[in-house]
Amino acid sequence: MLRLLQIDASARPGRSGTDPHGSHTRRLTARFVERWQQHRQGDAILRRDVGLAPPAPVDADWVRAAFTRPDARTGAMQARLAESDRLTAELLAADLVIFGAPMYNFGMPAPLKAWIDNIVRVGVTFGFDRSRGDTPYWPMLPAGKRAVIMTARGDLGYGPGGVQAHNDLVVPGLAAPLRYIGLNMVEVVAIEGDEFGGDRLAAAIAAAETEVDRLVDSLTAAADAAR
């Protein structure tokens, strides 16, 4: 049995194509998980909606608690890290993480950044040792985990080689901290052109859904072969 963690970060509660003014990224993450379940009904699905229930941002109390040895933490420190403990436990348990990460003003939604800040934890998801010299950090996530980033942006040309690629802070902003903690296998599916609407947007959505289906088929086939 594989464990999937679905993380939605859109501020829009519904799905495009189903709900008025619904989210494109929620549409893609739902399609991914529903198709996955058609292939592998026994796999576990955990849904974490940071868009509608944002994690608390990191603050001075969080930093003080996280950088205190676990055996020296006060009750207040443990309480401050309780949410982070839950989020990191979910990530550590997951084999595949599916992100719904729309572009807001070139970057990821603030609740998703808060999730990242809560799961990049010294001694939990990355290690640190000054005696290692210029490379004191190392990733601590178990090998073999994968991630899929479902993103949507209003303009065109944010993909690799596009005229707006340098302005995409969503995919690099997610992939970099994920690599830092050891999650190196990252796939991306994107919808572009929301602001254009009409046939252009419809074609972009159809292409993204086709890519979601292809990706699910490929990943589930690989999971079946590994049994």
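Relative to the present Cα-Cα distance, how much length would full extension add between E195 and D155 at 0.36 nm per residue of separation?
Full extension from E195 to D155 adds 13.8 nm.
Of all DSSP beta bridges in the range 84-185, what percent run antiparallel (nearest 5)?
Roughly 35 percent of the DSSP beta bridges within the range 84-185 come out antiparallel.
For the chain, give the magnitude of the charge dipole about the Cα centre (Cβ charges: +1 Lys/Arg, -1 Asp/Glu; no others), in debye to the nearest 20.
Dipole magnitude for the chain comes out near 600 debye.
Could you tell me how many degrees, from 0 to 90 and to the nearest 10, lie between the Cα long axis of helix 110-119 and the main elongation axis, the longest principal axis, of the Cα atoms of the chain?
That helix lies at roughly 40 degrees to the long axis.
As I understand it, the dipole of the chain uses +1 on the Cβ of Lys and Arg and -1 on the Cβ of Asp and Glu, about the Cα centre. Which of A176, L156, V212 lies farthest toward its positive end?
A176
To the nearest 0.05, what FRET efficiency results for A203 and R3 with a Förster distance of 35 Å applied to their C-beta separation?
0.55
Assuming 0.36 nm per residue, please report the length gained on full extension of the stretch L92 to L169 beyond their Cα-Cα distance.
25.2 nm
For the range 88-197, compute Rh as the Kirkwood radius over C-alpha pairs and then the Stokes-Einstein diffusion coefficient at 20 °C and 1.002 mPa s; write the answer in µm²/s, rounded to an integer.
143
Looking only at the chain, where both bridge partners belong to it, what percent of the DSSP beta bridges are antiparallel (to the nearest 5)?
Antiparallel bridges: around 15 percent, rounded to the nearest 5.
Under a no-solvent Debye model with one identical scatterer per Cα of the range 7-84, what's log10 I(q)/I(0) at q = 0.11, 0.18, 0.25 Å⁻¹?
Each listed q maps to, in turn, -0.49, -0.80, -1.08.
Using only Cα atoms, find the angle between the long axis of helix 82-93 and the longest principal axis of the chain, and express it within 0 to 90 degrees, rounded to the nearest 10.
60
If r is the Cβ-Cβ distance from L46 to T210 and R0 is 25 Å, what FRET efficiency results, to the nearest 0.05?
It comes out at approximately 0.40.
What angle, in degrees between 0 and 90 and rounded to the nearest 10, separates the Cα long axis of helix 24-39 from the longest principal axis of the Cα atoms of the chain?
90
Rounded to the nearest 0.05, what FRET efficiency do E187 and R69 give with R0 = 41 Å and r taken as the Cβ-Cβ distance? Could you check?
0.65
With the contact rule set at Cα under 8 Å and sequence spacing of 6 or more, what percent relative contact order holds for the chain?
So the answer I get is 22 percent.
Rounded to the nearest 500 deg cm²/dmol, what is the calculated helix-only ellipticity per residue at 222 nm for the chain, with -39500 (n - 2.57) per DSSP H run of length n ≥ 4?
Value at 222 nm, helices only: -12500 deg cm²/dmol.
What whole-number distance in Å separates the alpha-carbon centres of the range 106-148 and the range 1-77?
Measuring centre to centre over Cα atoms gives 16 Å.
Per q in 0.17 Å⁻¹, report the Debye log10 I(q)/I(0) for the range 16-158, using one uniform scatterer on each alpha carbon and no solvent.
-1.10
Read the figures in this text as sums done on the coordinates, not as results from a lab. Predicted model, so just to flag it, every value in this text is computed and none were measured. Note that each Cβ is placed from the backbone with ideal geometry, even for glycine, and that neighbours are counted across all protein chains shown.
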